[in-house]
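Accompanying notes for the structure given below.
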Amino acid sequence: MGEAPTFILQALQNGTGNGYKSKNGSLETDTIVGDKKYVIGGTAGQTLSAKVQILDLDANRLGEWVNLVELGTKPISCNGHSAVLLKDRILILKKNSKPDDCIWFLEVDTQYVRQQKKILGTEVVAWSKGVVGNAEKPVVISGPSGVGKGTLISMLMKEFPSMFGFSVSHTTRAPRFMEKDGVHYHFTEKNVMEKEIKGGMFLEFASVHGNLYGTSVEAVELVSDAGKRCILDIDVQGARSVRASSLEAMFIFICPPSMEQLEKRLRDRGTETEEQVLKRLRNAQNEIEQGKSSGIFDHILYNDNLEECYENLKKLLGLDGCVTPTKSAPKEINLPRDHSVSKIDDKIIINCSSGLEKESKNLVMLDVSSLKGGAPGRTRGLDFQVMNSFLNGNGNGPI
Ligand SMILES: Nc1nc2c(ncn2[C@@H]2O[C@H](COP(=O)(O)OP(=O)(O)O)[C@@H](O)[C@H]2O)c(=O)[nH]1
Ligand SMILES: Nc1ncnc2c1ncn2[C@@H]1O[C@H](COP(=O)(O)OP(=O)(O)O)[C@@H](O)[C@H]1O
């Protein structure tokens, strides 16, 4: 690896965090974690995402750049940022960015990063977008082909459109008549999907009835970002993987009243060839056994009478009785270009006062004590309060 430019060697002991202009004109921050310095910031068009570099501070390798792999969805460009070191990740506050895009995390020593370091055998950092508030537990629904999962999910989405969102899976199977790309599935090619799986884009994947299916991290996060509870329609292998992942979810298995009924439903649906119907029926027996006995599922529902089964599903989801969706307006922060940051325990104090507006104090306290999730998905559980500020409208910001 090459030597670091002189300006960085000179700044080795700094670790400023609020951003500095390097000699080549880019806006960078440097954060020291153990014997490494994380230099964040871009030269190309001041693109934050373009550059994360690690400089070795170990006496034997002082000033050497370390090879690294950047994982996760990177932030889009911005012209400047602040960086604050938390325990195992660096909080990045993008300047002058959209309210829903100003808080990011660069994970440097989280469990996910440590795992990936082992797998990849190299230094790893992982990006994760910060989101104010928490998401409701996703619901995983599994069951054999033709049991009625899709029908039940459609009923739920139709009755509660603002409460639930569907996780749109990727699949290599061909679209059925009336199925739309991006709505029912993201229809994709096997080699493309395999590449994306290697790149860490998927929460889980499995080979089902001869095709590859998978839930991307983004599919689940997009639903949560919209403030909705995510529904996943995935097979038993996928449910097992989600159970083993860090995603906390509710697991429901749908059982047919009999194999005869299942066969009738599959044939009456008329979407599969005879060969595919036979393959699905062969797999159904094993799936039902797994569903009932694996301990993966929190609840088993029998779909004999559709209306009854739907009522039972609603009960499990707490939707029986009078449902009043309580959706509070999300809080938003809008960080101006000129701000400075300090840290007191788990509280980040952001001073947004600037230049001409010096008299108008505008302090934001960001609470990072209850972070949830993280790379490769979002980091949730952030909270903030505006202190001594002018509030906009109802006090929920943006500031
Ligand atoms: N593991 C996994 N299974 C999936 C995913 N999406 C769909 N499946 C499952 O794949 C199986 C086949 O789905 P599909 O081809 O739509 O057929 P259908 O179940 O007969 O409607 C079903 O058991 C689905 O639950 C996914 O993202 N991951
Ligand atoms: N309780 C039920 N009784 C009779 N037919 C049903 C019932 N539930 C679903 N169906 C029908 O069975 C077929 C398969 O249902 P579907 O929702 O596509 O299953 P899955 O998504 O589990 O493969 C559909 O034609 C659907 O209308």
Residue satisfying all of: in the stretch 142-161; surrounded by 23 or more Cβ atoms within 10 Å (Cβ to Cβ) and of a type in the set (A, V, I, L, M, F, W, C); farthest from ligand 2 (Cβ to nearest atom) among these: 152
Some residue of the stretch 130-140 being within 16 Å of ligand 2 (Cβ to nearest atom) and either closer than 19 Å to residue 202 by Cα or touching a His at 6+ places or on another chain (Cβ under 8 Å) (or both): yes
Count of residues meeting criterion [among the acidic types (Asp, Glu) and either more than 14 Å from ligand 1 (Cβ to nearest atom) or buried (at least 23 other Cβ atoms within 10 Å of the Cβ) (or both)] in the stretch 210-232: 2
Of residues in the stretch 270-314 being surrounded by 15 or more Cβ atoms within 10 Å (Cβ to Cβ) and among the basic types (Lys, Arg), the one farthest from ligand 1 (Cβ to nearest atom): 314
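Each row is one residue, and each column tells you yes or no for (1) over 15 Å from residue 123 (Cβ atoms); (2) at pLDDT below 75; (3) aliphatic (A, V, I, L, M).
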residue	(1), (2), (3)
5	yes, yes, no
8	yes, yes, yes
38	no, no, no
45	yes, yes, no
75	yes, no, no
85	yes, no, yes
88	no, no, no
Flag if residue 317 is touching a Pro at 6+ places or on another chain (Cβ under 9 Å), away from ligand 2 (no atom under 12 Å from the Cβ) and in contact (Cβ under 8 Å) with a residue 12 or more places away in the chain: no
Verdict on residue 157 being away from ligand 1 (no atom under 16 Å from the Cβ), closer than 11 Å to residue 231 by Cβ and of a type outside the set (Ser, Thr, Tyr): no
The lone exception for residue 134 - which of (1) polar (S, T, N, Q); (2) at pLDDT 95 or above; (3) away from ligand 1 (no atom under 16 Å from the Cβ) it fails: (2)
Enumeration of residues in the stretch 113-129 that are closer than 11 Å to residue 71 by Cα and β-branched (Val, Ile, Thr): 113, 124, 125
All strands (runs of 3 or more DSSP E) inside the stretch 209-270 with 1 or more residues being closer than 16 Å to residue 145 by Cβ and either without any contact (Cβ under 8 Å) to a residue 24 or more places away in the chain or more than 16 Å from ligand 2 (Cβ to nearest atom) (or both): 211-216
Selection status of residue 341, under 20 Å from the mean Cα position of the chain (by Cα) and either modelled with pLDDT of 85 or more or among the polar types (S, T, N, Q) (or both): no
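The values are calculated or read from the model by the stated rules, or taken from the named source; none is laboratory data. Remember, it's a predicted structure, so these values are computed and weren't measured experimentally. All Cβ positions, even for glycine, are placed from backbone atoms using ideal geometry, and neighbour counts span all protein chains on display.
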